[in-house]
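**Student:** Below: one structure in structure tokens.
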Amino acid sequence: MVEFVLERAGYWAIIGLMMIGLYIAFSAENLIKRLVGLSIFQTTICLFYVSLSKVNGGTAPILLPEDMPYYDAAIPKGTSGPDALLAAGGERFADLYHIYSNPLPHVLMLTAIVVGVATLSLGLALIVRIREAYGTIEADEVRDIDIETALAQELEQAKEIKEASA
Amino acid sequence: MRELFTADAGPALINIALLAILFVVAIAIARLRSLFAIVMLSGVYSLVSAAWYIAVDAVDVGYTEAAVGAGMSTAVLLGAMLLTARTAKPEKPLKKLGPFLICGATAVMLIYATVDLPGLGDPNAPANTGAGLTYLQVNWFDTGVPNVVTSVLATYRGFDTMGETVVVFVAGLAVAMLLGFGERSLAETLRTAKKRRGKGKEGEGS
Amino acid sequence: MKSDHHVILRVIGKCFIPLIVIYGFYVHFHGEVGAGGAFQAGVVLAVAIILHSLTFGLANTMRAVPPAFARTLAAIGVLIFVGMGFLTVVQGGLFLEYQALFAEPPGGHDGQHAGIIIVELGVLFAVAGAMTTIFYALAGRVAEIRDEDW
């Protein structure tokens, strides 16, 4: 039981962080704070993915010399050319001497982080435009202004229809 | 209990310490109202999570998070904050209840789902025995690049990376289209600087 | 410029910006062997430009690295990436199959190395250009913020 909990405590901590980010995004009326909450949420999801790729006793997925067969540091080029592949019997699958962590989630999260900052700045650009149009970046105030304008437009339309019919 | 105090305890303690710092920073962000402090703390959050990435062997991701999350996104957030506001309005206490309940319920459901997940660092987990292991084994004879992350990024999943590059490019273009490319303000700055110099006022005051 | 109270910032910035740029290129070309890669290098280059604008003012930075250059760089980066894909198609391989670049037998790595470096160069240009464009767009807008907001 203790082992079961210990193995999953990391997940639970990450889920707690995730929920704090989600809570900030939900509860904050300030749009910038909301975006910061979203970016925390995103960072923590990356943490979750990367924690799935961890292998006990493993190291970073950069091959060590023992796992590069026919590697010769003196000849930087052609270290494992077609000849090496022939010598290995045409077998592409090399047996690993060391344990490495899973590289696939790393790749996915690496690109996700860079795309995340690009989308974050897109959201910030929209917020800057909202501030210029409404004079505020509080979501509820923006909503109030929207409702006011809609009501005023409706009144105007009703007046126009009345004038046209009169 | 005794196995908690072996050589493996060091990395575990580092993990616990980093996650505790992340918790403190996240709760501080949730409670603060000064946007400047929030932006700075989000940078701190990114930097600490970068350290945590290094602790779980994801050196490339840690590097990216340190450069992008702590550097670039803090700069972008600061720039946007300068253009909008300095403080957030205080939230109504009643309005906090709904999100709190929703997040609590989601957390309970997610924690229930983790019961089926393989343990942290399990070498026989399905995620670690599938494509990831194959990439590690095949990589050297296929590409001759020691860094498996780079070769997966550029070779095995090059099409994916092409999409990401286009997304970054389009996002940059969209920001520029929303806010202007920046030349107009440059012309304005130069004009005001010239005017200032012409009037003989003190240079570069504020 | 009688009382330049930012003199320490300027001197330190002058020392550090070339180092940051060199480090960015090191990360890019060393990405095959160690940690790092084009995404990180692009952001590091953009950060060097941001540091320049923070210490010397945005107008000076825009004269050194014009916004038009930044967004052209981003477009060129994407074009390099896509063009590499079509080059491999022209050479008789699949899209982005670098093995076909020099018509090597399986196990040959020259095409892989060249392809990865060129594709990552495209990513470097795209990321650096896009990030610089984003920064220019956000920083170049005139802030109309009231003093009491501070």
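**Student:** Explain nothing, just the number: dipole magnitude of the protein assembly as shown about its Cα centre with +1 on each Lys and Arg Cβ and -1 on each Asp and Glu Cβ, in debye rounded to the nearest 20.
**Tutor:** Value, rounded to 20: 2340 debye.
**Student:** How far is the Cα center of the stretch C:4-79 from the Cα center of the stretch B:111-156, in Å?
**Tutor:** Cα centres, the stretch C:4-79 to the stretch B:111-156: 33 Å.
**Student:** Can you give me the solvent accessible area of A:E148 with a 1.4 Å probe, rounded to the nearest 10 Å²?
**Tutor:** Approximately 120 Å² for this residue.
**Student:** Mind grabbing the base-10 log of I(q)/I(0) for the stretch A:121-166 at q = 0.14, 0.26, 0.27 Å⁻¹? Debye formula, identical points on the C-alpha positions, no solvent, two decimal places.
**Tutor:** -0.49, -0.87, -0.90
**Student:** Restricting things to Cα coordinates, could you compute the convex hull volume per residue of the stretch C:7-149 in Å³?
**Tutor:** Expressed per residue, the convex hull around the Cα atoms of the stretch C:7-149 is 134 Å³.
**Student:** Just to check I understand the Karplus step: with θ = phi - 60° and J = 6.51 cos²θ - 1.76 cosθ + 1.60, what whole-Hz values come out for the stretch A:137-147, glycine and proline as x?
**Tutor:** Result, ordered by residue: 10, 8, 4, 5, 5, 4, 5, 4, 4, 4, 5 Hz.
**Student:** Moving on. Nearest 20 debye, what's the magnitude of the dipole of the stretch B:9-91 about its Cα centre given +1 on Lys and Arg Cβ and -1 on Asp and Glu Cβ?
**Tutor:** Result for the stretch B:9-91 is approximately 480 debye, rounded to the nearest 20.
**Student:** Another question about this same structure. Once amide H atoms are placed 1.01 Å from N in the peptide plane, what residues at a sequence separation of 5 or more from A:Y100, or on another chain, have their amide H within under 5 Å of its amide H?
**Tutor:** A:T59
**Student:** Size of chain A along its principal axes in angstrom, Cα-based, largest extent first?
**Tutor:** 97, 47, 26
**Student:** Put B:T134, B:T87 in order of accessible area, largest first, 1.4 Å probe: what do you get?
**Tutor:** Largest to smallest exposure gives the sequence B:T87, B:T134.
**Student:** As I understand it, the dipole of the protein assembly as shown uses +1 on the Cβ of Lys and Arg and -1 on the Cβ of Asp and Glu, about the Cα centre. Which of B:A37, A:I20, B:V148 lies farthest toward its positive end?
**Tutor:** Going by the Cα projections, it comes out as B:A37.
**Student:** Which value in Å is the Kirkwood Rh of the protein assembly as shown over different Cα pairs?
**Tutor:** 25.4 Å
**Student:** Taking the dipole about the Cα centre of the protein assembly as shown, with the C-beta of Lys and Arg at +1 and of Asp and Glu at -1, give me whichever of A:A150, C:G24, A:V2 is farthest to the positive side.
**Tutor:** Toward the positive end, the furthest listed residue is A:A150.
**Student:** Where Lys and Arg each count +1 and Asp and Glu each count -1, what net charge lies around A:V36 among other residues with Cβ under 14 Å from its Cβ?
**Tutor:** The answer is +3.
**Student:** List the residues, sorted by chain then number, that are 5 or more residues from B:T87 or on another chain and whose placed amide H is less than 5 Å from its amide H.
**Tutor:** Sorted by chain and number, the residues that satisfy this are B:L35.
**Student:** Now for a different question. To the nearest 20 debye, what charge dipole does the stretch C:7-149 have about its Cα centre, counting +1 at the Cβ of each Lys and Arg and -1 at the Cβ of each Asp and Glu?
**Tutor:** 480 debye
**Student:** Can you list the HN-Hα couplings for the stretch A:117-125, worked out from phi with the Karplus curve (6.51, -1.76, 1.60; θ = phi - 60°), rounded to whole Hz and with x for Gly and Pro?
**Tutor:** Along the stretch A:117-125, the couplings run 5, 5, 6, 4, 6, 5, x, 5, 4 Hz.
**Student:** Radius of gyration and Dmax for the stretch B:9-91's Cα atoms, expressed in Å?
**Tutor:** Cα only, the stretch B:9-91: 14.3, 47 Å (Rg, Dmax).
**Student:** Let me ask something else about it. Given the protein chains as shown and a 1.4 Å probe, how many square angstrom of B:S34 are accessible, to the nearest 10?
**Tutor:** Accessible surface of B:S34 is approximately 50 Å².
The values are calculated or read from the model by the stated rules, or taken from the named source; none is laboratory data. In this text the structure is predicted, and so the values were computed from the model without any measurement. We place every Cβ from the backbone using ideal geometry, glycine too, and count neighbours over all the protein chains shown. These accessible areas exclude ligands, DNA and RNA; they are computed on the full protein's heavy atoms, side chains included. Shrake-Rupley method; radii C 1.70, N 1.55, O 1.52, S 1.80 Å.
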